[in-house]
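Down below is the structure, laid out as structure tokens.
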Amino acid sequence: MARRSTKTPPPDDAYEEKILDIDVVDEMQGSFLEYAYSVIYSRALPDARDGLKPVQRRIVYQMNEMGLRPDRGFVKCARVVGEVMGKLHPHGDASIYDAMVRMAQPFSMRVPLVDGHGNFGSLGNDDPPAAMRYTEARMATATSLMTESIDEDTVDFSPNYDGQEQEPVALPAAYPNLLVNGSSGIAVGMATNMPPHNLGEVVAAARHLIKHPAADLETLMKFVPGPDLPTGGRVVGLSGIRDAYESGRGTFKIRATVAVENVTPRRKGLIVTELPFTVGPEKVISKIKDLVGNKKLQGIADVKDLTDRNHGLRLVIEVKNGFIPEAVLEQLYKLTPMEESFGINNVALVDGQPLTLGLKELLEVYLDHRFTVVRRRSEFRRSKKRARLHLVEGLLVALLDIDEVIRLIRSSENSAQAKERLMERFSLSEIQTQYILDTPLRRLTKFDRIELESERDKLNAEIEELTRILDSDTELRKLVSAELAAVAKKFGTDRRTVLLESSGAPATAVPLEVADDPCKVLLSSTGLLARTAGGEVPFDEDAKRAKHDVIVSTVSATQRGEVGAVLSSGRLLRLSVIDLPRLPDTVAAPTLSGGAPVAEFLSLEADEELVCLMTLDESSPGLALGTAQGVVKRVVPDYPSHRDELEVITLKDGDRIVGAVELRTGEEDLVFVTDDAQLLRYQASQVRPQGRPAGGMAGIKLTQGAKVISFTAVDPAADAMVFTVAGSRGTLDDSVQTTAKITPFDQYPRKGRATGGVRCQRFLKGEDCLSFAWAGAVPARAAQRNGTPAELPEIDPRRDGSGVSLAKPVAAVAGPL
């Protein structure tokens, strides 16, 4: 029997269509605006606070959550991409991996955020990166600064695309990442294109703005004169850079770094060592071959790419005989990507809105964000410490009358009654009482009470310090400035990009033809001065020795800059680098045979000699010097530019400087050697820096009649040695030297400043003093008084052993440049 349905049939109009009339123009406009906003806010433009696009921020945050820190092992990039895509980024894996690859490329970012292992592509994308299943990655060392203190309520979090996870709206960013690494992206109706900058320069500008909020653009540009690209090169067009720093938009040109060298005995060539940003050698070679084939470029004989992992970029363009290399180079700049334009468009998100920002605005947005981060971090830490202090104080109250506490607990019916009785008896809070009940009996000893009192005092001091920071805007600014300075000190690097005027002349207004390129100024043991063609000086210990090849002092400079010359009388004279003779571009073993005597550049008085060269940079750790009477001094860097002559120490009568060295880190060991064979070694930090007029302090304790003959600074982590030569008083000429020896530097223990040191050589018959001594890094070279090379003896591990006879007298020793 069939059952009849009891359901009520639907009304006739239930299936009628419901159609809304919508203007297609309004619908398209609304949909397009929604899409445009999504692209602008969620994809293409960086946030001005941390300088990251959403995909970059999600990669960094997820790697931090995965524990992929620099001290951990590498993991497959596919794993990182999968975690980011599955939890945070609702787009394809290709976009995530592309962003991750760029963050690992040292030629794309000034401070890479990903430490890549494998093929992550090449300059110009001539060699594309390997697939994500082959490459590995972890966080770079500097990336931890981007997420530092993120778990201390420093930034806001928002739900991810499906609401199941939380992601930061912006990272804490302990340095101005947007300016340092730049950014590029194309949104809907707008785009951003920002060049990288030098971390140290940007931090210096930010710190100045913290101290002087009303600073103008001209002042800030003294700290940030222009971009500092990862690939180096030369920026041409400073007016466009200034426009960009003022309005957020500007244009400049980037030129390759090229030197003219002899590539064959009869042919010159153009050696390209740096290319414009994002330009690869394959693109340049292809363009040159096309131009030569179409007869639009003449004078090119051959092009070779000799780039390798050890020497970096090296593109050799051979020039035909009869053509002027400089003229060919101008044509290459004009017709090939060896000169490219870069259009700055500083568009970034500020409070979710895309704005075009100048240099000062970019720094202000970052600093406001950093002030908020540090303030929230301090509040979080203070609340944590207050909560802990509350527990410690409660436990201390219980320990004062522990017998009563135990009696109350034992006599209670249950834990709830015990809690109520303890709260009533000792006026404790519920949290304190519960903590007391949860504390094991082994924590109730007399020793633990002392520990708790110590912890209470420490917590009170820390809370007071945090409160002082939170209550004072000045203290907050000082803290942010100090943290930025620490970042710059740890991760700052030298400038790679040279800034030139649009005419090709160096950036300064001095009308000289030589570009203000980095170089080295060298001083030989024979008193010859010269400058190099580039910023690096090769040192080949196996190369054939030549006369005047012992370089006793080296200083970094620029071709049109100035360096300081420290004299034995305590004077500091300025020395113009451009006046010095220039060494050949390539020298296997640096020799100053083509140099010029010191007397041609400096007016020396009688019995006055040049001790060392130094930079005049007031950001250096300063100058350390030692005198014959055992005085040591560290000079505070303070060298007014309007004075050509300064005093770096006030010497006592009859005293003179025997050694001076410009410290690199301030962590070096200072080494004195006296003529009675005593050596004293101690850390430079034991010597307090003093102003220039000061007379120094006691450096080494001398015996009656003894004097210092050598003062140097040695990196304790380097492989170093001590070289001494024994002689006889009254016959200290080089020709009558008797014995010498070399001892490993680590054989000499550190002693306190102003002590006597330890013996460094045992005298033989006829010897009663040291005629020469030197301590420094190896490999070292020795020379006679006229600069002729001399051989050093074998190493003797005994620090107080006697020496061996020398084949030739030694008057000078120097280590690597």
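The values are calculated or read from the model by the stated rules, or taken from the named source; none is laboratory data. In this text the structure is predicted, and so the values were computed from the model without any measurement. Every residue, glycine among them, receives a Cβ derived from its backbone with ideal geometry; neighbour counts consider all protein chains shown.
Of note:
- Close contacts from region 281-299, counting a first residue that is in contact (Cβ under 8 Å) with a residue 12 or more places away in the chain and not assigned by TED's automatic domain parsing to the domain that holds Asp127 and a second that is loosely packed, with under 15 Cβ neighbours inside 10 Å and assigned to a helix (DSSP H, G or I), with Cβ to Cβ under 8 Å and a gap of 6+ residues or different chains, come to Gly299/Ala327.
- Residues that are under 29 Å from Arg382 (Cβ atoms) and more than 30 Å from the chain's Cα centre (by Cα) were ranked within region 132-164; the one that is modelled with the highest pLDDT is Phe157.
- Residues that are of a type outside the set (Gly, Ala, Ser), under 30 Å from Phe763 (Cα atoms), over 35 Å from the mean Cα position of the chain (by Cα) and surrounded by fewer than 24 Cβ atoms within 10 Å (Cβ to Cβ) within region 647-674 comprise Asp655, Arg656, listed in sequence order.
- If you go through region 399-441 and keep only what is hydroxyl-bearing (Ser, Thr, Tyr) and surrounded by 15 or more Cβ atoms within 10 Å (Cβ to Cβ), you end up with Ser412, Thr433, Tyr435, Thr439.
- Some residue of region 63-75 being on the phi > 0 side of the Ramachandran plot and not aliphatic (A, V, I, L, M): yes
- Pairs meeting the criteria (first residue in region 701-730 and among the acidic types (Asp, Glu), second residue surrounded by fewer than 20 Cβ atoms within 10 Å (Cβ to Cβ) and modelled with pLDDT under 90, beta carbons under 7 Å, at least 6 apart or on different chains) are Asp719/Val778.
- Condition check for Gly659: in a strand (DSSP E or B), within 16 Å of Trp774 (Cα to Cα) and modelled with pLDDT under 90: no
- Qualifying residue in region 336-351 (condition: farther than 17 Å from Glu274 by Cα, part of a helix (DSSP H, G or I) and either in contact (Cβ under 8 Å) with a residue 40 or more places away in the chain or touching a Phe, Trp or Tyr at 6+ places or on another chain (Cβ under 7 Å) (or both)): no
- Against the test of being assigned by TED's automatic domain parsing to the domain that holds Ile795 and in contact (Cβ under 8 Å) with a residue 60 or more places away in the chain, the options Gln690, Gln683 yield a single qualifying residue, Gln683.
- Every listed requirement among (1) of a type in the set (A, V, I, L, M); (2) part of a helix (DSSP H, G or I); (3) modelled with pLDDT of 85 or more; (4) under 20 Å from Leu452 (Cβ atoms) is met by Leu428 save one, (2).
- Residue list for region 352-361, restricted to those being at pLDDT 90 or above and either touching a Phe, Trp or Tyr at 6+ places or on another chain (Cβ under 9 Å) or among the basic types (Lys, Arg) (or both): Gly358, Leu359, Lys360
- Number of the exception - Val303 against (1) touching a helix residue (DSSP H, G or I) at 6+ places or on another chain (Cβ under 9 Å); (2) part of a loop (DSSP other than H, G, I, E, B); (3) closer than 30 Å to Asn119 by Cβ; (4) without any contact (Cβ under 8 Å) to a residue 60 or more places away in the chain: (2)
- Of residues in region 237-272 being in contact with a Pro (Cβ under 8 Å, 6 or more places away or on another chain) and of a type in the set (D, E, K, R), the one modelled with the highest pLDDT: Arg255
- Filter result for Glu393 (in contact (Cβ under 8 Å) with a residue 24 or more places away in the chain and either under 30 Å from Ser149 (Cβ atoms) or over 57 Å from the mean Cα position of the chain (by Cα) (or both)): yes
- Enumeration of residues in region 556-577 that are in contact with a Gly (Cβ under 8 Å, 6 or more places away or on another chain) and among the β-branched types (Val, Ile, Thr): Val577
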